Amino acid sequence: MERMAHAAGQFTAYGPSHWAVLVLTVLGAAALVLTGRYADPRLVRRCRQVLAVLILVLNVGMEIVVFDPAQPLHTLPLQLSDLAPYASAYALWTRRPWAFALTFYWCLTLSTQALLTPVLSGPDFPSAAFLAFFTIHVLVIWAAIFLTWGVGLRPSWRGYWFTVLVTVCWAAAMLAFNALAGSNYGFLNAKPSTESLLDLLGPWPWYLLPETALVLGTWALLTLLGRRRATS
């Protein structure tokens, strides 16, 4: 195992493997959008179902692998990136508005940000850590893009406020849990060890304020643009 990690080398943001993932993400998203718009409805439905099952199976498998019995409180599936796959899989299968809202806002912004500034300090491709991290993030981003620009679902202000409420409740719960368990889910109690957008927003806990404003403002802008397109 150590030989494989050494052979793979350490992951570097915007190295060859990272760029390959970004290109694959764009190409796959474009293919899904074209499929959603122009393919037979039965094929579109089957694509939704296959992508939903793939996301669900891979996410559950990843959580089993990542969970460490020696550090159970630090390896629970409590990150938003752990919850987003379930929301996106359910949205793909059912097209329920509340599930789509979570998928749209979480995956188009938070998952995309994680893809652009990955918190990954382990071995590079083809390590298990690399594949697990990027595969699930790419798939949920594809789900959000497919449902929005392929299938034709649109954001709403109701979905916006629902997502804000769910996210605020999650953040409050994680702040309390982190304080009790000494964990750092959501990077709410400390910045990640690798470079990220949070480095530009000041020290803890002050970076939480501009981070919240940035996220909610971006979601509001996406909603506004989505509603204008829906009514045009």
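The values are calculated or read from the model by the stated rules, or taken from the named source; none is laboratory data. Computed from a predicted structure; not experimentally measured. Virtual Cβ from ideal backbone geometry, glycine too; neighbours counted across all protein chains shown. Remember, those area values only see protein heavy atoms, side chains included, never the ligands or the DNA or RNA. Shrake-Rupley method; radii C 1.70, N 1.55, O 1.52, S 1.80 Å.
Provide the gained length on full extension for the span LEU27 to VAL65, in nm with one decimal, where the gain is 0.36 nm per separating residue minus the Cα-Cα distance.
Full extension of this stretch gives 10.8 nm more.
Once Rh for the stretch 41-85 is found with the Kirkwood sum over Cα pairs, what is the Stokes-Einstein diffusion coefficient at 37 °C and 0.692 mPa s, in µm²/s?
The estimated diffusion coefficient comes to 275 µm²/s.
Expressed as a whole percent, the accessible surface of the stretch 112-194 that belongs to carbon and sulfur atoms is 74, based on a 1.4 Å probe.
Computed extension length for ASN184-LEU221: 10.5 nm, one decimal, from 0.36 nm per residue of separation with the Cα-Cα distance subtracted. Once the gyration tensor of the Cα atoms in the stretch 164-232 is diagonalised, the equivalent ellipsoid follows with semi-axes of 28, 15, 9 Å, ordered largest first. Could you compute the FRET efficiency for ALA171 and ARG37, with r as their C-beta to C-beta distance and R0 at 22 Å, rounded to 0.05? According to the calculation, E is roughly 0.05. Membrane-span-like helices of the chain, defined as complete DSSP H segments with a Cα extent of 20 Å or more along the helix axis and a mean Kyte hydropathy of at least 1.0, are identified as 16-38, 41-66, 128-145, 157-181. Model label sites at LEU214 and TRP157, defined 7 Å from Cα along the beta-carbon direction, differ in position by 2.7 nm. Taking R0 as 22 Å, what FRET efficiency do you get between GLN10 and LEU116 from their Cβ-Cβ distance, rounded to the nearest 0.05? According to the calculation, E is roughly 0.70. All C-alpha pair distances within the chain, sorted into 5 Å bins from zero, spread as 1, 6, 13, 17, 19, 18, 13, 8, 3, 1, 0, 0 percent across the bins.
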